[in-house]
């Protein structure tokens, strides 16, 4: 039987291609993935790039539902309270761990309210300015901020996001007085820079690399351990500042509600791993500045999440980031 593919889109929800033939057992229905990020931003784009491959693997439609708000808290609450049947998943990340660290009163705890399935990919942030900015180097930004305390702003997609933490770390380590401007989402970062509302920002690589290559912004540094192959002429922030706290790489992985049966978690893990091993998808991710990082097992992903929680808690203490 020939494979049939189709795509249906309605506000906030996209249904991605799947093979028309069925299979017995799990999954026997479409799988919904809750995305806590705005449509068009880096995380949303990467998830949509993976969706067709996941659909092929599971032989079912993969539905992406964007639930944006409160820095990802709304999506986390919604996904964690969904039926634990393996048909509702969430694109989780270290950002949700950070939100819980910053706001302990949040009722949902990613470490206890979700069953980890697998990590998917990791990435740094990119320090960037507008294409017509007078700042050509990181040192130029530092000098300008020190010469005019309080006159500069840096933007992010919200409090506790990767862009916020990278910016706050940069500001703290250089003892700068700079104002953080939390925007409604990462898709607004470039627009804010171009308008002049903010002077620099640290969006994730998946958002930044296409903007840099498109000539809309200028990259000054990356927060990865090594230079990105996609931006080989852009130094790492650690090269410039000589401080390993500037090395910050975030990640995205797949979670399910905590009581999802183990056999279904294992099936989902195998399918996600298979999709991530697809050469075409790996190339697409890497070209955008991401590193494909599937977990060895759901259990190893859980262990990794615990260690990550400790690391980011230390960085939050350093920067003094709060929910306000």
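Is one or more of the residues making up the stretch 194-204 in contact (Cβ under 8 Å) with a residue 12 or more places away in the chain, within 19 Å of the chain's Cα centre (by Cα), assigned to a loop (DSSP other than H, G, I, E, B) and outside the structural domain of residue 110 (by TED's automatic domain parsing)?
Yes: the stretch 194-204 contains one or more residues that are in contact (Cβ under 8 Å) with a residue 12 or more places away in the chain, within 19 Å of the chain's Cα centre (by Cα), assigned to a loop (DSSP other than H, G, I, E, B) and outside the structural domain of residue 110 (by TED's automatic domain parsing).
May I ask you to verify whether residue 172 is without any contact (Cβ under 8 Å) to a residue 40 or more places away in the chain, part of a helix (DSSP H, G or I) and more than 30 Å from residue 264 (Cα to Cα)? Break it down into steps so the answer makes sense when it comes.
Working: without any contact (Cβ under 8 Å) to a residue 40 or more places away in the chain: no; part of a helix (DSSP H, G or I): yes; more than 30 Å from residue 264 (Cα to Cα): yes.
Answer is no for this residue.
Select from the stretch 205-245 the residues that are touching a helix residue (DSSP H, G or I) at 6+ places or on another chain (Cβ under 7 Å), over 19 Å from residue 311 (Cβ atoms), modelled with pLDDT of 95 or more and in a helix (DSSP H, G or I) and list them in ascending order.
240
Return the residue satisfying two criteria in turn: it lies in the stretch 33-54 and is part of a helix (DSSP H, G or I) and at pLDDT below 90, and of such residues it is nearest to the chain's Cα centre (by Cα).
Checking each candidate, the answer is 43.
What are the residues in the stretch 141-166 that are in contact with a helix residue (DSSP H, G or I) (Cβ under 6 Å, 6 or more places away or on another chain) and either assigned to a strand (DSSP E or B) or surrounded by fewer than 17 Cβ atoms within 10 Å (Cβ to Cβ) (or both), if any?
154, 155, 156
Is it true that residue 119 is surrounded by 22 or more Cβ atoms within 10 Å (Cβ to Cβ) and in the same structural domain as residue 37 (by TED's automatic domain parsing)? Quick ask: steps written out before the conclusion?
Working: surrounded by 22 or more Cβ atoms within 10 Å (Cβ to Cβ): yes; in the same structural domain as residue 37 (by TED's automatic domain parsing): yes.
So residue 119 fits the description; yes.
So which pairs qualify, if the first residue must be in the stretch 280-309 and over 21 Å from residue 270 (Cα atoms), the second must be modelled with pLDDT of 95 or more and assigned to a helix (DSSP H, G or I), the Cβ gap must be under 8 Å, and the two must be at least 6 apart or on different chains?
306/111; 309/111
Pull up the stretch 284-324, narrow it to residues that are farther than 14 Å from residue 111 by Cα, over 19 Å from the mean Cα position of the chain (by Cα) and not in a loop (DSSP other than H, G, I, E, B), then point me to the one that is modelled with the lowest pLDDT.
So the residue we want is 314.
How many residues does the stretch 246-281 contain that are assigned to a helix (DSSP H, G or I) and surrounded by 16 or more Cβ atoms within 10 Å (Cβ to Cβ)?
Number satisfying all stated conditions: 12.
Within the bounds of the stretch 96-103, is there any residue that is crowded, with 21+ Cβ neighbours inside 10 Å, outside the structural domain of residue 212 (by TED's automatic domain parsing) and touching a strand residue (DSSP E or B) at 6+ places or on another chain (Cβ under 6 Å)?
Within the stretch 96-103, not a single residue is crowded, with 21+ Cβ neighbours inside 10 Å, outside the structural domain of residue 212 (by TED's automatic domain parsing) and touching a strand residue (DSSP E or B) at 6+ places or on another chain (Cβ under 6 Å).
Tell me, yes or no, whether the stretch 55-67 has at least one residue that is over 16 Å from the mean Cα position of the chain (by Cα), surrounded by 22 or more Cβ atoms within 10 Å (Cβ to Cβ), assigned by TED's automatic domain parsing to the domain that holds residue 307 and free of Cβ contacts under 8 Å to residues at least 40 places away in the same chain.
Yes, that holds for at least one residue.
So residue 138 fits all but one of (1) outside the structural domain of residue 301 (by TED's automatic domain parsing); (2) closer than 27 Å to residue 40 by Cα; (3) surrounded by fewer than 24 Cβ atoms within 10 Å (Cβ to Cβ); what number is the exception?
(2)
Which one is farthest from residue 38 (Cα to Cα), of the residues in the stretch 175-193 that are assigned to a loop (DSSP other than H, G, I, E, B) and in contact (Cβ under 8 Å) with a residue 60 or more places away in the chain?
184
Considering each residue of the stretch 290-304, count those that are surrounded by 17 or more Cβ atoms within 10 Å (Cβ to Cβ) and out of contact with any strand residue (DSSP E or B) (no Cβ under 6 Å at 6 or more places or on another chain), and give that number.
Of the residues in the stretch 290-304, 1 are surrounded by 17 or more Cβ atoms within 10 Å (Cβ to Cβ) and out of contact with any strand residue (DSSP E or B) (no Cβ under 6 Å at 6 or more places or on another chain).
The values are calculated or read from the model by the stated rules, or taken from the named source; none is laboratory data. As the structure is a computational prediction, the values presented were derived from the model and not from experiment. Positions of Cβ are generated from backbone atoms using ideal geometry, with glycine treated the same way; all protein chains shown enter the neighbour counts.
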